[in-house]
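Trainee: Have a look at this one before I ask anything.
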């Protein structure tokens, strides 16, 4: 597993993540995830609130890529997703969504991503470089 450094964790905080999935036939899907968070130094997590395609695709193919960027830099994470419908991580994510978005009635599941690799999305000579 790749380590998500403190610098990268700080960068991710408060930013929108773009999650790319593909079904078992390779049909791609890309969806923004405003609930993306760092779970620990090897995992990301997000609540999937409205995306039926993301769930269906992850059920048939758990491989996922996530991009988080701003105007000057960014990172891409690749790994394997796990759908969670109960347990401590699900409760933590659900509680965070309830606190941030009181109008949302609840989440159906959370997605935990065990990060296998991290890449630079920064422009310049290190663009695309594997960082972890």
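Any read-out appearing in this document is the output of simple, stated calculations on the displayed coordinates, not a laboratory observation. What you are looking at is a predicted structure, and each value in this text was computed from that prediction instead of being measured. Cβ atoms come from the backbone with ideal geometry, glycine included; neighbour counts cover every protein chain shown.
Trainee: Which value in nm describes the separation of the simple spin-label points at residue 83 and residue 50, placed 7 Å from the Cα toward the beta carbon?
Mentor: Placing both labels 7 Å beyond Cα along the Cβ direction yields 2.0 nm.
Trainee: Run lengths n ≥ 4 of DSSP H only: what is the helix-derived mean residue ellipticity at 222 nm for the chain, with -39500 (n - 2.57) per run over all residues, to the nearest 500?
Mentor: Values: 3 runs with 29 residues, N = 132.
Here the helix-only value at 222 nm equals -6500 deg cm²/dmol.
Trainee: Identify the residues of segment 1-28 with backbone N under 20 Å of a label point that sits 7 angstrom from the Cα of residue 122 along the Cα-to-Cβ direction, or state none.
Mentor: 2-18
Trainee: Please compute the contact order of segment 6-120 in relative form: average sequence separation of alpha-carbon pairs under 8 Å and at least six residues apart, divided by the residue count, as a percent. Don't jump to the answer; show the numbers that get you there.
Mentor: Values: 223 pairs, mean separation 31.3, N = 115.
Result for segment 6-120 is 27 percent.
Trainee: Follow-up. Please find the FRET efficiency linking residue 105 to residue 6, where r is the Cβ-Cβ separation and R0 is fixed at 30 Å, and quote it to the nearest 0.05.
Mentor: Values: r = 35 Å, r/R0 = 1.16.
For R0 = 30 Å, the calculated efficiency reads 0.30.
Trainee: Sorted by packing (mean other beta-carbon atoms within 10 Å per residue), highest first, where do 41-54, 107-120 land?
Mentor: Working: 41-54: 18.1, 107-120: 19.9.
Packing order, densest peptide first, comes out as 107-120, 41-54.
Trainee: Hey, could you grab the Kirkwood Rh for segment 6-120? Inverse mean 1/r over distinct alpha carbon pairs, Å, one decimal. Numbers along the way, then the final one.
Mentor: Numbers: mean 1/r = 0.0702 Å⁻¹.
Answer for segment 6-120: a Kirkwood hydrodynamic radius of 14.2 Å.
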